[in-house]
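Each remark here refers to the structure printed beneath this line.
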Amino acid sequence: MKMKLTEITRVSWGVLMALSFVLLSGSNLRAEVQSDFDPGGTYFGGTEGWFNYGGSLGPNPPTTTTPTGGTTLWMEVQPQQYYGKMTSQSWATPDITVSDWNSHTNLEFDVIVNSSWIPSASTNVEVEFQVGGGSAGEVNQYANPTIDTSLKDTIQHVSIPLASMQPFDPTATYWNLSINLYPGYAYEWDSANPNAVPYDARYYIDNVEWTGVVPEPTSLLLLGSCSLLLIGSRRKRC
């Protein structure tokens, strides 16, 4: 029994949609875990490759804990009032490469601020992406997502699109990923305040992951070729 051209076209479009799902959507579910602060993974220093360059809990490593509002282990940071930088370094985190930075669409992580965090406002999280040692030299790029620090002891998810920064130099021999979060000025901590309270702001980081997969050029070429074939078949039918 012969199929009509319209039926063939319908089947072809169905095949194309399925192919699109395999090439583009299915792989986007994959995540490359950098740090979840639970046992497992390969790390050569720090706390799962993270080092403290702006906190008050000691230089190396920062502590891990189960904070209020979170489960399992998190990285704990007590930032200085105007600086709270933590840095993950490639030499200590061999499972993540510059290729991973280029082959994923987003960097994601979870943040909790504790009940002592003041002020309560929309607050920037400065994220620095640094690669170096390659043909482009040392290159720093930045993203500034925000969290709501009025939400105490509450998990907030951060997702940073990478497209505007990619490609990171594929010849780079090292990378540094930094998260800098601090509260800034609050009268409640001001020594001029007769009712000043002790400074005890802390933040916690967990589930640092590279998510989504950038389609390879060969996949896009194949998808485009299928589309052109179908467009051609529709034109012949007219």
Residue that is farthest from residue 212 (Cα to Cα), among those in segment 142-158 that are touching an Asp or Glu at 6+ places or on another chain (Cβ under 9 Å), open to solvent by 50 Å² or more (accessible area, probe 1.4 Å) and not aliphatic (A, V, I, L, M):
154
Tally of residues being out of contact with any strand residue (DSSP E or B) (no Cβ under 9 Å at 6 or more places or on another chain) and farther than 20 Å from residue 44 by Cα across segment 87-133
3
Residues located in segment 78-124, provided they are farther than 30 Å from residue 171 by Cα, open to solvent by 40 Å² or more (accessible area, probe 1.4 Å) and either in a strand (DSSP E or B) or without any contact (Cβ under 8 Å) to a residue 24 or more places away in the chain (or both)
80, 83, 122, 124
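Return yes when residue 164 is under 24 Å from residue 33 (Cβ atoms), loosely packed, with under 13 Cβ neighbours inside 10 Å and polar (S, T, N, Q) and no when it is not.
Values: under 24 Å from residue 33 (Cβ atoms): yes; loosely packed, with under 13 Cβ neighbours inside 10 Å: yes; polar (S, T, N, Q): yes.
Criteria met by residue 164.
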Within segment 167-208, the residues that are more than 25 Å from residue 48 (Cα to Cα), open to solvent by 50 Å² or more (accessible area, probe 1.4 Å) and of a type outside the set (A, V, I, L, M, F, W, C) are 167, 185, 187, 188, 191, 194, 195, 198, 199
State which residue is nearest to residue 149 (Cα to Cα) when the search covers only segment 52-69 and only residues that are modelled with pLDDT of 95 or more and open to solvent by less than 50 Å² (accessible area, probe 1.4 Å).
69
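Filter segment 125-140 for residues that are over 15 Å from the mean Cα position of the chain (by Cα), part of a loop (DSSP other than H, G, I, E, B) and surrounded by 13 or more Cβ atoms within 10 Å (Cβ to Cβ) and give the result. Working first, answer last.
To start, the set of residues in segment 125-140 that are over 15 Å from the mean Cα position of the chain (by Cα) comprises 131-140.
Cutting the leftovers down to part of a loop (DSSP other than H, G, I, E, B) gives us 133-138.
Scanning segment 125-140 gives 133, 134, 136, 138.
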Over segment 70-127, the set of residues of a type in the set (Ser, Thr, Tyr) and within 15 Å of residue 150 (Cα to Cα) is 115, 116, 120, 122, 123
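The values are calculated or read from the model by the stated rules, or taken from the named source; none is laboratory data. If you're wondering where the values come from, they're calculated on a predicted model, not measured in any experiment. Here the Cβ is made from the backbone with ideal geometry for all residues, glycine too, and neighbour counts use every protein chain on show. Heads up: the accessible areas ignore ligands, DNA and RNA and are worked out on the full protein's heavy atoms, side chains in. Shrake-Rupley method; radii C 1.70, N 1.55, O 1.52, S 1.80 Å.
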